[in-house]
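Participant: Provided herewith is a single structure, encoded as structure tokens, for subsequent inquiry.
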Amino acid sequence: MNVLGIESSCDETSVAVIRDGKLTSNLISSQDFHVKYGGVVPELSSRAHLQIIIPLLKDSLVQAGIGLKDVDVVCATAGPGLIGALLVGLTFGKSLAYSLNKPFIPVNHIEGHIFSGFLMDEKPEFPYLALVVSGGHTLLLIVKSDTEIIKLGTTVDDAAGEAFDKVAKMLGLGYPGGPKIQKAASLGDPEKIHFPVANLKNPYDFSFSGLKTAVLRYLQQTYGKDKAVPDGDMPDIAASFQKAVIKALMQNVEKALKEYKVNSVSLVGGVAANRALREALAQVASKYRKKLVIPDFVYCGDNAAMIAYRGSRLFANGNKYSLDYNAFPGLSSKTFAG
Ligand code: KG4
Ligand code: ZN
């Protein structure tokens, strides 16, 4: 059975094929031109998805060694994400399913990330603790099965990736901020500056806006308003900020591991590409003797392999969807699983 996955929620267009449970193609086209605007420009993103999606589908099918007529199920991201960008992939997927007379499965992008560990040879074991850290979302969840996900906590303000991007902008490092901060931080001393970690009413929630403000205040007090940070100071600031983000995330993971019985821990989403965060979670998982599953870098950022995988499970579980299914920009408009 050939399951086709389509992803277009933000600035990556991706088409993947899973054949009889095995990933046979996962092509990703990144819209690098947003760099010059300092962030993703929604309208430009939609147009770029439109331009690339047909050639990407053709190439992905060639790589998988199949033709369009061999596709059995079509899956596409329905949300959350940028509405115009989502509509390109979703409408394309629905049209394809209609013209091929095959089932269509809309996929929740965050669920795609949550189950992305299953793309690895070493898979998570239910129930597992999932830490989702992306540009738009930060979530701590217990994943009991394909259909049962319990939300322990979420961010009350900025997402972890958003904090990386905003602080990188303040430091003049450019976009996307995560990889730039990681690079600068690798040369710095994380103990140099103390940045605070928020304590919230729900012990599993996260907050990063106070940390962002603390970095801004530090910059203003040390260098004055609107002054550039000297190159020599950049690594220590980046390392100290990165340490505070990781501390906030690990604090809640440890609390959850003390309270809930799980078999594995999984780190997913774009920020899961961060090496220091991967190492910190490896230490925590080993301390609590839990199996750790972190997807390869290519499956941390946005990709269609995770959409095809999640869609294939929804299909296997007998879920049926009509072609009326619409795109949704926010997480709150659709609950997890089902
Ligand atoms: O999951 P993703 O690709 O897109 C969303 O669904 O949001 O995540 C993108 C986020 C961006 O905020 C980016 O700065 C962050 O992931 N990111 C990183 C790293 N690589 C990407 N953050 C920290 N360290 C990294 N190495
Ligand atoms: Zn994502």
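The values are calculated or read from the model by the stated rules, or taken from the named source; none is laboratory data. Computed from a prediction, not measured in an experiment: that's the story for all the values here. Using ideal geometry, Cβ is built from the backbone for each residue, glycine included, and neighbour counts are taken over all protein chains shown. We work out accessible area using only protein heavy atoms, side chains counted, and drop any ligands, DNA or RNA first. Shrake-Rupley method; radii C 1.70, N 1.55, O 1.52, S 1.80 Å.
Participant: If a residue must be within 16 Å of ligand 2 (Cβ to nearest atom) and either under 14 Å from Arg310 (Cα atoms) or touching a strand residue (DSSP E or B) at 6+ places or on another chain (Cβ under 9 Å) (or both), how many such residues does the range 119-139 contain? Spell out how you get there, then give the answer.
Facilitator: First, the residues of the range 119-139 that are within 16 Å of ligand 2 (Cβ to nearest atom): 119, 130-139.
With the extra rule that they be either under 14 Å from Arg310 (Cα atoms) or touching a strand residue (DSSP E or B) at 6+ places or on another chain (Cβ under 9 Å) (or both), the set shrinks to 119, 130-134, 137-139.
Total satisfying the criteria: 9.
Participant: Just need a number here: residues in the range 1-32 that are out of contact with any helix residue (DSSP H, G or I) (no Cβ under 7 Å at 6 or more places or on another chain) and either over 17 Å from Phe104 (Cβ atoms) or hydroxyl-bearing (Ser, Thr, Tyr) (or both). Reasoning before the result, please.
Facilitator: Let us first name the residues in the range 1-32 that are out of contact with any helix residue (DSSP H, G or I) (no Cβ under 7 Å at 6 or more places or on another chain), namely 1, 12, 20-22, 28, 30, 32.
Applying the additional criterion that residues be either over 17 Å from Phe104 (Cβ atoms) or hydroxyl-bearing (Ser, Thr, Tyr) (or both) yields 12, 20-22, 28, 30, 32.
So the answer is 7.
Participant: Residue check, Ser14 against (1) at pLDDT below 95; (2) in contact with an Asp or Glu (Cβ under 8 Å, 6 or more places away or on another chain), all met but one. Which one?
Facilitator: (1)
Results for (1) in contact (Cβ under 8 Å) with a residue 40 or more places away in the chain; (2) surrounded by 23 or more Cβ atoms within 10 Å (Cβ to Cβ), shown as yes or no for each residue.
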{"position": "Lys243", "(1), (2)": "yes, no"}
{"position": "Ser266", "(1), (2)": "yes, yes"}
{"position": "Gly270", "(1), (2)": "yes, yes"}
{"position": "Glu279", "(1), (2)": "no, no"}
{"position": "Ala282", "(1), (2)": "no, no"}
{"position": "Lys287", "(1), (2)": "no, no"}
{"position": "Lys291", "(1), (2)": "yes, no"}
{"position": "Arg313", "(1), (2)": "yes, no"}
{"position": "Leu331", "(1), (2)": "yes, no"}
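Participant: If you take just the strands (runs of 3 or more DSSP E) that sit entirely in the range 1-88, which of them hold at least 3 residues that are open to solvent by less than 10 Å² (accessible area, probe 1.4 Å) and closer than 24 Å to Arg313 by Cα?
Facilitator: Working: elements: 2-7, 12-19, 22-30, 73-79.
Passing ranges, in order: 2-7, 12-19, 73-79.
Participant: Sticking with this structure for a sec: Under 6 Å between Cβ atoms, which residue pairs at least 6 apart in sequence (or on different chains) link something in the range 91-106 that is over 14 Å from Leu57 (Cβ atoms) and at pLDDT 95 or above with a partner that is in a helix (DSSP H, G or I) and among the aliphatic types (A, V, I, L, M)?
Facilitator: Phe104/Ala97; Ile105/Leu314
Participant: In the range 124-152, what residues are of a type outside the set (A, V, I, L, M, F, W, C), in contact with a helix residue (DSSP H, G or I) (Cβ under 6 Å, 6 or more places away or on another chain) and away from ligand 1 (no atom under 16 Å from the Cβ)?
Facilitator: Pro124, Asp146
Participant: Let me ask something else. Here are some residues: Leu219, Leu257, Leu211. Which one is of a type outside the set (S, T, N, Q) and either touching a His at 6+ places or on another chain (Cβ under 8 Å) or under 16 Å from Val133 (Cβ atoms) (or both)?
Facilitator: Values: Leu219 fails: either touching a His at 6+ places or on another chain (Cβ under 8 Å) or under 16 Å from Val133 (Cβ atoms) (or both); Leu257 fails: either touching a His at 6+ places or on another chain (Cβ under 8 Å) or under 16 Å from Val133 (Cβ atoms) (or both).
Of the residues listed, the single one that is of a type outside the set (S, T, N, Q) and either touching a His at 6+ places or on another chain (Cβ under 8 Å) or under 16 Å from Val133 (Cβ atoms) (or both) is Leu211.
Participant: I need the full set of residues from the range 170-206 which are within 10 Å of ligand 1 (Cβ to nearest atom), part of a helix (DSSP H, G or I) and surrounded by 17 or more Cβ atoms within 10 Å (Cβ to Cβ), in order please.
Facilitator: Gly177, Gly178, Lys180, Ile181, Gln182, Ala185
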